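Following: one structure in structure tokens, then a few remarks.
The values are calculated or read from the model by the stated rules, or taken from the named source; none is laboratory data. Since this is a predicted model, take the numbers as computed values, not measurements. Cβ atoms come from the backbone with ideal geometry, glycine included; neighbour counts cover every protein chain shown. Ligands, DNA and RNA are stripped out before the accessible areas are found, and what is left, the full protein with its side chains, is counted by its heavy atoms. Shrake-Rupley method; radii C 1.70, N 1.55, O 1.52, S 1.80 Å.
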Protein chains: 2
Amino acid sequence: MSIILDGKKLSNRLALKLMAKISKLAINPKLVIIQIGNLDRTNVYIKKKKEFAEKIGAKVLHEKYPKNIQIEKVISNILKFNKDRSIHGIIVQLPLPKNFDTTRIIMAIDQRKDVDGLTAKNTRLLFDKKNGFVPATAKGILTLFKNYKIDLTGKKITMVGQSSLVGRPIALALLNEGATVTVCHTHTRNLKEETKRADIIVVAAGHPGLITKNHVSSGQIVIDVGITLKNGKVVGDVDYEKVSKIVKAITPVPGGVGPMTVFSLFENLVKAYLLNSSNL
Amino acid sequence: MSIILDGKKLSNRLALKLMAKISKLAINPKLVIIQIGNLDRTNVYIKKKKEFAEKIGAKVLHEKYPKNIQIEKVISNILKFNKDRSIHGIIVQLPLPKNFDTTRIIMAIDQRKDVDGLTAKNTRLLFDKKNGFVPATAKGILTLFKNYKIDLTGKKITMVGQSSLVGRPIALALLNEGATVTVCHTHTRNLKEETKRADIIVVAAGHPGLITKNHVSSGQIVIDVGITLKNGKVVGDVDYEKVSKIVKAITPVPGGVGPMTVFSLFENLVKAYLLNSSNL
């Protein structure tokens, strides 16, 4: 049996440290979560974030807008939160309903409050391997590797999935750690060949069951970033039952990357708090 | 013998079309090139750009600053050019002397005049596969592929080199075309293995002779982005003489990617001209 990379347990342990850090701050860090519409997926994500915030002593302002809200209204609210000194971080819960221009909305967020690390400036800082806000999922994966003492320098990593808000930032973050990264996607001709030769496979495709026992080799580490709601249950992109019998280590879904993402978001929030209060 | 991907010939042919386009504009598009210090390399690059501009009817304002200039002075000049309606594009000739913060200087350029495509906003647009200014080298390579009818969808491309201003933008541009891209660098453990298995090798390492006959297989396409001045001569990263006997197609240095980069810069300048004049 493989080692289970237990993101839930690690996140719980690290949460205690973050809670201790927050207890020393003058006021509680406050995150605005903007939700448009009422997707089941976004409801689940937001619930997890609120629960975590409560546990560590952070505040969440949940701004819930109807799916027919004007984009200008969303943006003017973001600009208001940018100026509001009692707000330390702002995120837009993704995915947005299809008719919204995600990029335009995200770009309205002040880079110093962009705790999801998705504005242009933070993207460029990640590109330049400089100190900005690293997107929570990418950061959570790096923290997981670090805590399990998995050094990425020179490792062959096959990244499956290349969305601009998840896959690509993860690929960049892995490059920044010195890994040799291959980015695969729907146009990739022989996915099995690409995954089987890797030291580490990171999957963020959003396709349950995409990675089967035929895609993996013994000795590999598998990180499953996929989150799909299926009959009310969260499932990943990897056939966990069969794959976990072959590989060396694997993240479960739920309880792997998900909790690490939530933890990293609030780690970024505390960073934003400290950054903004030092500029007062 | 392999097919020579003749960037010089193609650039000359496309320059005629660009010249025809420019001849129909109300005024000649004008590019500011900012040079700090007096590196041989930057002198060579700027000379090529000025020659090309003259040929097609574009104007160049060459701003040459001493290497001890204050960064604030450079930035305030950029801000002035941002506002100047007679200026359509602004580039900073790289590399800058070591003591300058390249990112900070580039970030001062208005995204609409960023014809090198290196500001945060254009980086994010490239990330999102949206319509911004694609960095000239990446764009030049895509144009070369297109004109030689080389479709990138599903192709395995090994990218050697991952600098934030050249290698990474090229890797993203190749991903945007549907290629499966592996990014290699100094930490990559077995470079030969990564290059030999590719359909296409793109090298932007700045190490003359890095890619030898032992790195390539027959049937491959090799794109050499390397530009190093060696005894007054421009040399690439590939051992051209030996590699060209094995592979299917290859770009020479000089006369390959270089002229395509210069052409693409001025293609971006004309795009910036049209973009800004439509906003008047």
>> I need the calculated FRET efficiency for the pair A:Leu275 and A:Arg197, taking r as the beta carbon distance and R₀ as 41 Å, to the nearest 0.05.
In response: 0.50
> Setting aside same-chain residues fewer than 8 positions from B:Lys30, which aspartates and glutamates have a Cα under 20 Å from its Cα?
Replying inline: B:Glu51, B:Glu54, B:Glu63, B:Asp84, B:Asp110, B:Asp114, B:Asp116, B:Glu267
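How crowded by other chains is B:185-192, given as the mean number of beta carbons from other chains within 10 Å of each beta carbon?
Numbers: counts 6, 2, 9, 7, 6, 3, 1, 0.
If you average over the peptide's residues, the count of other-chain Cβ atoms is 4.
Can you pull the percent of chain A's accessible area that's carbon plus sulfur, 1.4 Å probe, other chains left in place?
Details: 6690 of 12430 Å².
The nonpolar share, carbon plus sulfur, comes to 54 percent.
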>> Which of rounded, prolate or oblate describes the range B:136-257 when judged by the alpha-carbon gyration tensor and an a/c cut-off of 1.5?
In response: rounded
> With all pairs of different alpha carbon atoms counted, what Kirkwood hydrodynamic radius in Å does the range B:29-110 show?
Replying inline: 13.0
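Hey, could you get me the Stokes-Einstein D for the protein assembly as shown, Kirkwood radius over alpha-carbon pairs, 25 °C and 0.890 mPa s, rounded to whole µm² s⁻¹? Don't skip to the answer; put the middle values down first.
On the way: Rh = 25.0 Å.
The calculation lands on 98 µm²/s.
Roughly how many debye, to the nearest 20, is the charge dipole of the protein assembly as shown about its Cα centre, given +1 on each Lys and Arg Cβ, -1 on each Asp and Glu Cβ, and no other charges? Walk me through the numbers before you get to the answer.
Numbers: 90 positive and 44 negative charges, 89 e Å.
In debye, rounded to 20, the protein assembly as shown gives about 420.
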> Considering every residue in A:166-174, what mean count of other chain Cβ atoms within 10 Å of its Cβ is obtained?
Replying inline: 2
> Convex hull over the alpha-carbon atoms of the range B:238-280: what's its volume per residue in Å³?
Replying inline: 64
>> Please compute the length gained on full extension between A:Ile75 and A:Tyr148, using 0.36 nm multiplied by the number of residues separating them and subtracting their Cα-Cα distance.
In response: 22.2 nm
> When N counts the residues of the range B:56-148, how does its alpha-carbon radius of gyration compare numerically with 2.2 N^0.38 Å, as a ratio?
Replying inline: 1.18
>> Helix-only mean residue ellipticity at 222 nm, chain B, DSSP H runs n ≥ 4 weighted -39,500 (n - 2.57), per residue, nearest 500. What is it?
In response: -12500 deg cm²/dmol
> lysines within cross-link reach of A:Lys242: Cα-Cα under 18 Å, excluding same-chain residues under 8 positions apart?
Replying inline: A:Lys192, A:Lys196, A:Lys213
> Which whole number in µm²/s is D for chain B by Stokes-Einstein, with the Kirkwood Rh taken over Cα pairs at 25 °C and 0.890 mPa s?
Replying inline: 127
> Taking the Cα-to-Cβ direction at A:Asp101 and at A:Asn28 and moving 7 Å from each Cα, how far apart do the two end points lie in nm?
Replying inline: 3.7
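Count, for each residue of A:124-137, the Cβ atoms from other chains sitting within 10 Å of its Cβ, then give me the mean as a whole number. Don't jump to the answer; show the numbers that get you there.
On the way: counts 12, 4, 3, 12, 9, 3, 2, 0, 1, 0, 0, 0, 0, 0.
Mean partner-chain Cβ count within 10 Å for A:124-137: 3.
Using Cα pairs under 8 angstrom and six or more residues apart, how large is the relative contact order of chain B, in percent?
22
What length, rounded to one decimal in nm, is gained on full extension from A:Asn12 through to A:Asn190, with 0.36 nm per residue of separation minus their alpha-carbon distance?
60.2 nm
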